[in-house]
1. Could you identify the single residue in 108, 70, 129 that is free of Cβ contacts under 8 Å to residues at least 12 places away in the same chain and closer than 21 Å to residue 12 by Cβ?
2. Taking residue 82 as the residue in question, decide whether it is under 23 Å from the mean Cα position of the chain (by Cα), farther than 27 Å from residue 127 by Cα and in contact (Cβ under 8 Å) with a residue 12 or more places away in the chain.
3. Return the residues of region 148-174 that are out of contact with any strand residue (DSSP E or B) (no Cβ under 7 Å at 6 or more places or on another chain) and more than 19 Å from residue 16 (Cβ to Cβ); say none if nothing qualifies.
4. Kindly evaluate residue 65 against the criterion of being in contact with a strand residue (DSSP E or B) (Cβ under 6 Å, 6 or more places away or on another chain) and either buried (at least 24 other Cβ atoms within 10 Å of the Cβ) or touching a residue at least 24 places away in the same chain (Cβ under 8 Å) (or both).
5. Among the numbered conditions (1) out of contact with any helix residue (DSSP H, G or I) (no Cβ under 7 Å at 6 or more places or on another chain); (2) assigned by TED's automatic domain parsing to the domain that holds residue 130, tell me where residue 178 comes up short.
6. Closer than 23 Å to residue 98 by Cβ and either out of contact with any strand residue (DSSP E or B) (no Cβ under 7 Å at 6 or more places or on another chain) or in a loop (DSSP other than H, G, I, E, B) (or both), is that true of residue 292?
7. Looking only at region 22-48, count every residue that is under 26 Å from residue 238 (Cα atoms) and touching a helix residue (DSSP H, G or I) at 6+ places or on another chain (Cβ under 8 Å) and tell me the total.
8. For region 242-289, which residues satisfy the criterion of being in contact with a strand residue (DSSP E or B) (Cβ under 9 Å, 6 or more places away or on another chain) and surrounded by fewer than 16 Cβ atoms within 10 Å (Cβ to Cβ)?
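The values are calculated or read from the model by the stated rules, or taken from the named source; none is laboratory data. Model, not experiment: these values are computed from the prediction. FYI the Cβ positions are ideal-geometry reconstructions off the backbone, even for glycines, and counts take in every protein chain you see.
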């Protein structure tokens, strides 16, 4: 018999992830701070819960997809939180991108109630959340991972167990460092080409088949060239991830100089009011310095 699943956090990523579980036939109970996405999913067959604790009381596996560490702590550990409603033997899968030490702290509290936890952050952005091909990086007990693997495979094209609780978010931080550096470099390259009088679209097509080719280039260069910064993954969230990476680096004694620089760029863009734009808009920081926009030529 399939487990009853709860889903808390129905934002840009969470809503399509929850929808894919419904499409796969899982019984789903949902909760969110705002009601519109809840109403949408309830109209498609989900059940409504008025609190995180109510979600937990009615399900065996609770999934959370939240913005930051404080949100995960509040939803799981807070008043009317998940742990107020979970039964012994339940599982919490936190798919949020948060600080690894926070994942470990939440898991330790859950274990006091004999509740297991996986930290399972994702990569891929809104398009992959919609088509169910996200990459999951999962930390936690191997037997719990195997039990929950079919659920994660509904939402992900790649699901990898990377170690104990906290390891998932450590790997996600590594992912976010690489993605940020890729997007920043793409921005510099296309701005340089435009300033030299070369159509960035020609540059994109010339280099995409070589060593500079990447998923980041394929996903973000067209957005940059079109000036389309509608959020798939917001600048403010990527800045948060890099902040967590720097904190983790400090704890472990690992210098992260380029990460620090890009985190400062993202912070400056947030101060300019660009925090809700897609992280591809990091190019605008370079564009402002060069006084040119890396847009492809029309016609």
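1. Working: 108 fails: closer than 21 Å to residue 12 by Cβ; 129 fails: free of Cβ contacts under 8 Å to residues at least 12 places away in the same chain.
Criteria check complete, one pass: 70.
2. Details: under 23 Å from the mean Cα position of the chain (by Cα): yes; farther than 27 Å from residue 127 by Cα: yes; in contact (Cβ under 8 Å) with a residue 12 or more places away in the chain: yes.
Yes; evaluated as a whole, the condition is true for this residue.
3. Matches in region 148-174: 170, 173, 174.
4. Working: in contact with a strand residue (DSSP E or B) (Cβ under 6 Å, 6 or more places away or on another chain): no; either buried (at least 24 other Cβ atoms within 10 Å of the Cβ) or touching a residue at least 24 places away in the same chain (Cβ under 8 Å) (or both): yes.
When the stated conditions are applied, residue 65 does not pass them.
5. Every condition holds for residue 178 apart from (2).
6. Details: closer than 23 Å to residue 98 by Cβ: no; either out of contact with any strand residue (DSSP E or B) (no Cβ under 7 Å at 6 or more places or on another chain) or in a loop (DSSP other than H, G, I, E, B) (or both): yes.
So residue 292 fails the test.
7. Filtering region 22-48 for residues under 26 Å from residue 238 (Cα atoms) gives 30-38.
Next, from what is left, pick out any that are touching a helix residue (DSSP H, G or I) at 6+ places or on another chain (Cβ under 8 Å): 30-32, 37.
Selection size over region 22-48: 4.
8. Across region 242-289, the qualifying residue is only 276.
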